[in-house]
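The values are calculated or read from the model by the stated rules, or taken from the named source; none is laboratory data. Computed from a prediction, not measured in an experiment: that's the story for all the values here. So basically every Cβ, Gly included, is an ideal-geometry build from the backbone, and we count neighbours across all protein chains shown.
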Amino acid sequence: YRIWALRHIRSERRFRYGSLELRIPPGVFHPGVFMSTPVFLSFLQKVDFQEKKVLDIGTGSGILALFAANSGAHVTAIDIHIKAVDTARRNAQLNGLSVKILESDLFGQLPQQSFDIVLINPPYYRRSPLDAGEHAFFAGENLEYFERLFAGLPAYCSAGSKVWMILSEDCDLEAIHALAKAQGFRISIAYEKKKWGERFWVLEVGN
């Protein structure tokens, strides 16, 4: 698997999901290589996106944003990595979908507003990212990413908002839960699936 994965992330690849076709260059999180995305998408199949206002945090290739837009949502997507932003914009154009895509370090460049649905496929390994591409994987030595995420979320949610985040058994779930609790959030499991030997959870983040 490791050899196959390395081959897929060293050159530009095409990826299809249903009617969506994406092109993913090296250095951008590949939804067909890393299993968090397919698991998240399997959960999102049952979600009603029609006319919903959606925020996709850490959009990468844009696959979650495009799926939501293709399902009738009004989508804003953000990513800290300019290469990911450019890739997501290109993929939106390729599929004829309208998505607002911003280069933003979490909420830094995002005007305050309320979203009906927030989707988060976060970095969760304990290490400081050394370059822009590593922000897709590493959340800081002390999981600073999650501390900032949970501190900023309330400004973009209303009472009826749904916030879903995917994590795997490889992360420090207890520490992430504690960081959420410190900001007044509760985390509950909305969906669970094992993929290629790794267990994933889609978590609902609520008050």
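Against the definition (within 21 Å of Ile166 (Cα to Cα), of a type in the set (A, V, I, L, M), assigned to a loop (DSSP other than H, G, I, E, B) and in contact with a helix residue (DSSP H, G or I) (Cβ under 6 Å, 6 or more places away or on another chain)), how does Leu106 come out, yes or no? Judged against the criteria, Leu106 is a match.
Out of region 171-187, which residues are outside any helix (DSSP H, G or I) and closer than 23 Å to Leu41 by Cα?
Cys171, Asp172, Arg186, Ile187
Among what's in region 155-170 and is loosely packed, with under 14 Cβ neighbours inside 10 Å and not in a strand (DSSP E or B), pick the residue that is modelled with the lowest pLDDT. Checked region 155-170; the qualifying residue modelled with the lowest pLDDT is Asp170.
Looking at region 164-207, which of its residues are of a type in the set (Val, Ile, Thr) and in contact (Cβ under 8 Å) with a residue 24 or more places away in the chain?
Looking only at region 164-207, we keep the residues that are of a type in the set (Val, Ile, Thr), and these are 166, 176, 187, 189, 202, 205.
Ile166, Ile176, Val202, Val205, listed by residue number.
Within region 48-62, being surrounded by 17 or more Cβ atoms within 10 Å (Cβ to Cβ) and assigned to a loop (DSSP other than H, G, I, E, B) holds for Phe49, Lys52, Gly58, Thr59, Gly60, Ser61, Gly62.
On inspection, Arg127 fails the criterion of being surrounded by 15 or more Cβ atoms within 10 Å (Cβ to Cβ), of a type in the set (Lys, Arg) and closer than 25 Å to His30 by Cβ. Taken together, Ala88, Ala155, Ala73 contain a single residue that is under 18 Å from Phe29 (Cβ atoms) and among the hydrophobic types (A, V, I, L, M, F, W, C), which is Ala88. Of the candidates Leu143, Leu173, the single residue that is modelled with pLDDT under 95 and over 26 Å from Lys53 (Cα atoms) is Leu173.
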